[in-house]
Amino acid sequence: NEAEKQFIITASKESPLEEHAYTVNWNTGKMTRITTEPGWHTITVNENGRYLLDVFSSSDVPKRTTVKTTDGSYNKVLKESENTLAAYERPEVRSVTLTADDGTPLYGRLILPVDFNANKKYPVIVYLYNGPHVQLVRNSFPGSRNLWYEYLAQRGYVVFTMDGRGSSNRGLAFEQATFGKLGTVEMNDQLKGVDYLKALSFVDADRMGVHGWSYGGFMTTSLMLR
């Protein structure tokens, strides 16, 4: 927006689980958030930088498409998608925050079996991809982030997924923590998740497996954790 001396950017300033749009004054550096609802906003800006198309979703909102001005003077919802999963038997999804060896917060999701009973023991699937340019856990629809996880939960599995160091949208230092030492830093982070799971009373630690993509995504790996 040359008239207002502004760039329009997207960033995860408030939380790595969300993406928002901001204006940034290129003289002063003043940064002003445009999007308000917590969640994930995918932005397309018009040629003069005054209007943007905001495609939004969160854990509970499937999709809302809005056109708005960057100064907040105009806001019109073009389409609000219905929740096509509303009629299905869906699991409870819990947010989990753990801490890496260096104090870095690690964000995860725990998907519980439908008809969950805290007095029972359940097998666990740990699903991961700690590679660059990938983020599995974020505040967008569906809250589980993957209907395959929900399918497993419908069949009596606990599913756990967590973004360790090496994954995306956490800044350069976080993503490059695995540079030149793949298989060490990110594995240490995932083992923090395994320790967390083993401490849960409803987890059957003798039936815990991991499933994930290799770097490059050309093959999958599965193994049992004891």
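The values are calculated or read from the model by the stated rules, or taken from the named source; none is laboratory data. No experiment lies behind these values; they were computed from the predicted model shown. Backbone-built Cβ (ideal geometry, glycine too); neighbour counts: all protein chains shown. For accessibility, only protein heavy atoms count, side chains too; no ligands or nucleic acids. Shrake-Rupley method; radii C 1.70, N 1.55, O 1.52, S 1.80 Å.
How much accessible area per residue does the chain have, in Å², with a 1.4 Å probe?
54 Å²
Can you compute the label reach from Thr104? Point 7 Å from Cα along the Cβ direction, backbone N cut-off under 18 Å, restricted to segment 112-139.
Counting backbone N atoms under 18 Å from the label point, the list is 128-138.
What percentages, rounded to whole numbers, describe P(r) for the chain computed over all alpha carbon pairs with 5 Å bin width beginning at zero?
Whole-percent P(r) values from 0 Å outward: 1, 6, 13, 15, 16, 14, 12, 9, 6, 4, 2, 1, 0.
Tally up the carbon and sulfur contribution to the accessible surface of segment 68-141 as a whole percent, 1.4 Å probe, everything protein left in place.
Ligands and nucleic acids excluded, carbon and sulfur reach 46 percent.
Evaluate the distance, in nm, between pseudo-label points positioned 7 Å from the Cα of Asn146 and of Met187 along their respective Cα→Cβ axes.
That separation, rounded to one decimal, is 2.0 nm.
Name the lysines eligible as straight-distance cross-link partners of Lys192: C-alpha to C-alpha under 24 Å, and not fewer than 8 places from it in the same chain.
Lys120, Lys121, Lys181
Measure nothing but the geometry: give the 0 to 90° angle between the long axis through the Cα atoms of 185-198 and the longest principal axis through the Cα atoms of the chain, rounded to 10°.
Value to nearest ten degrees: 60.
Which is the longest stretch in the chain that no exposed loop site breaks, taking sites as GluC sites (Glu not before Pro) with a DSSP loop state and at most 11 other Cβ atoms within 10 Å?
Longest run free of exposed loop sites: 90-226.
Relative contact order for segment 1-136: what is it in percent, counting Cα pairs under 8 Å that are at least 6 residues apart?
11 percent
If I stretch the segment between Ser201 and Leu85 completely, what's the gain in nm (0.36 nm per residue apart, minus their alpha carbon distance), one decimal?
Extending this stretch completely gives an extra 38.8 nm.
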